[in-house]
Amino acid sequence: MTGTTTTTGTAMTGTATTGITAARTAVITGLGVLAPTGLGAEAYWAATSAGQCAIGPITHYDAGAYPLTVGGQLPGFDVGAHVERRWVVQTDRFTHIALAAAQLALDDAALDPARLPPYGMGVVTASCAGGVDFGQREIQGLWTEGPGAVGPYQSIAWFYAASTGQISIRHGLKGPCGVLVTDEAGGLDALAHAAREIGRGRAAMLAGGAEAPYAPFSLACQYGHGLLSGQRDPSRAYLPFSASAGGFVPAEGGAMLVVEEASAARERGATPRAVIAGHASTFTGAFRPGPSAEGLARAAALALAEAGRSAADVDVVFADALGTPEADRAEAEALRILFGPRAAAVPVAAPKAGTGRAYAGSAALDTACAVLSMEQGLIPPVPNLTDPAHDLDLVRGTARRADLKTVLILARGLYGGNSALVLTRP
């Protein structure tokens, strides 16, 4: 992995960016998961592989007066049990989630950053919403009590980079640190960025995405894109690839993953769980899900080429699954462009249908789910999907046994970014 290669596409697909090579193999060794379906990778996988849906009434604030009343919330997330008070008061809930997930990932990988070279480990996160809950409280204080009610931490707690900074401080990570704001695609882009840093000589990276988008002013902004579901029945609110699809519901949560150089991981006794083999991104324009078909297919093809794989090698696709009729048609078309006649036979998973769409956190959750799927040889079913509307092999009902060697993960940002990540079995 020596750098970044940029390939210019057509006017429709825009610029495609890739950059992972095999000079130093980047592998995933640790998973830190916080999802509405479970806290921790084990609980998350048990619920997801069983096809459970955790979407329910929003309780974070009184949602009765708003069009959106259901979503995905973390079950019993005790911030104080995961994050020291001095960081809790300085940061927003999305950073609390990222801090907790990062610690879970390090524990899962049995990796102590203090045992690495001083500049050997860094962190990169992705966020779409930022610190909206913290910001809501400060804005209300400003409105009701004046400027003196606004605390000094407002200047940093809302900021997208807050999670990266706080994780770096907490664990003493002095290597490359960054944040990506590429909407839902950010979770994949962050992992690819981490893999590139492994290629440049870093020993390890923490990477992923976390979101906590529930605040009245934040939801008011989200209504503006016109993609949120108005359904009040949790079991019918988010039905990607269904004839009943009518938008998505947001969720809080996300995942952080430990990415290491393969030989170094093995030398310290860690077991590589998946190889980050390829990645690519394209751009097709904001709020244009129709044109995303070609751009998403191009990102997938470039990512597979970078991984040294072809479309024929893909064993399962973890779909973006936006959940609107136009967006779902475009993604189905992208798979037909990519796979040709085989499109109807490639298994498709959409685990976020059971959690809600946690923006940048969802792509990181999908990646964690893909790792677990490869390890267990099991593709999780799409919850509540009883009336599929597309000629795709959507896994539904119960989980499906499969020998998974190559996994393709797709993500689209609302503002036009399309990303694809390829994982292979070590």
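The values are calculated or read from the model by the stated rules, or taken from the named source; none is laboratory data. What you are looking at is a predicted structure, and each value in this text was computed from that prediction instead of being measured. Positions of Cβ are backbone-derived with ideal geometry, glycine not excepted, and every protein chain shown enters the neighbour counts. Accessible surface areas use protein heavy atoms only, side chains included; no ligands, DNA or RNA. Shrake-Rupley method; radii C 1.70, N 1.55, O 1.52, S 1.80 Å.
How large is the accessible surface of ASP315 in square angstrom, using a 1.4 angstrom probe and rounding to the nearest 10?
Surface open to solvent at ASP315 totals about 40 Å².
Determine the order of CYS177, CYS221, CYS128 by accessible area, beginning with the largest, at a probe radius of 1.4 Å.
These residues rank, largest area first, as CYS221, CYS177, CYS128.
Suppose R0 equals 22 Å. What FRET efficiency, 1/(1 + (r/R0)^6) with r the Cβ-Cβ distance, do ALA65 and ARG236 give to the nearest 0.05? Working shown, then result.
Values: r = 21 Å, r/R0 = 0.96.
E between ALA65 and ARG236, to the nearest 0.05, is 0.55.
Given the protein chains as shown and a 1.4 Å probe, how many square angstrom of ILE156 are accessible, to the nearest 10?
80
Counting only residues 5 or more places away or on other chains, whose amide H sits under 5 Å from the amide H of GLY323 once H atoms are built in the peptide plane?
PHE241, ASP328
Please give the net charge around ARG400, taking every other residue with its beta carbon less than 12 angstrom from that of ARG400, where Lys and Arg add +1 and Asp and Glu add -1.
Net local charge, ARG400 excluded: -1.
How much length is gained if the chain between ALA312 and LYS174 is pulled fully straight, taking 0.36 nm per residue apart and subtracting their Cα-Cα distance, in nm to one decimal?
Values: separation 138, 0.36 × 138 = 49.68 nm, distance 4.10 nm.
Length difference between fully extended and current span is 45.6 nm.
Rounded to a whole number, what % of the accessible area of the chain do carbon and sulfur atoms account for, probe 1.4 Å?
Here carbon and sulfur together make up 53 percent of the probe-accessible area.
If I take every Cα pair under 8 Å that is 6 or more residues apart in the chain, average their sequence separation and divide by the length, what percent do I get for the relative contact order?
Answer for the chain is 24 percent.
In terms of solvent-accessible area of protein heavy atoms at a 1.4 angstrom probe, what is the ranking of GLU331, GLU326, highest value first? Could the numbers behind the result be given before it?
On the way: GLU331 0, GLU326 90 Å².
Result, largest first: GLU326, GLU331.
I want the antiparallel fraction of DSSP beta bridges within the chain, as a percent rounded to 5. Don't skip to the answer; put the middle values down first.
On the way: 46 of 67 bridges.
Among the beta bridges of the chain, antiparallel pairing accounts for roughly 70 percent.
Given only helices, namely DSSP H runs of n ≥ 4 each adding -39500 (n - 2.57), what is the per-residue ellipticity at 222 nm of the chain, to the nearest 500 deg cm²/dmol?
-9500 deg cm²/dmol
Sorting check: for 225-236, 356-367, which peptide has the highest mean count of neighbouring beta carbons within 10 Å, and how do the rest follow?
Values: 225-236: 16.2, 356-367: 32.0.
Averaged packing, sorted descending, gives the order 356-367, 225-236.
Kindly report, to the nearest 10 Å², the accessible surface of ASP62 as traced by a 1.4 Å probe over protein heavy atoms only.
Rounded to the nearest 10, the figure is 120 Å².
Quick one: length gained pulling ALA220 to ARG200 fully straight, 0.36 nm per residue minus the C-alpha distance?
This chain segment gains 3.0 nm when fully extended.
Rolling a 1.4 Å sphere over the protein heavy atoms, what is the accessible area per residue of the chain, to the nearest Å²? All intermediate terms of the calculation are to be shown ahead of the outcome.
On the way: 15020 Å² over 426 residues.
Heavy-atom SASA per residue in the chain reads 35 Å².
Between THR144 and ALA243, what is the label-to-label distance in nm when each label sits 7 Å out along the Cα-to-Cβ direction?
4.9
If DNA, RNA and ligands are ignored and the probe is 1.4 Å, what is the ranking of THR125, THR59, THR182 by accessible area, most exposed first?
These residues rank, largest area first, as THR59, THR182, THR125.
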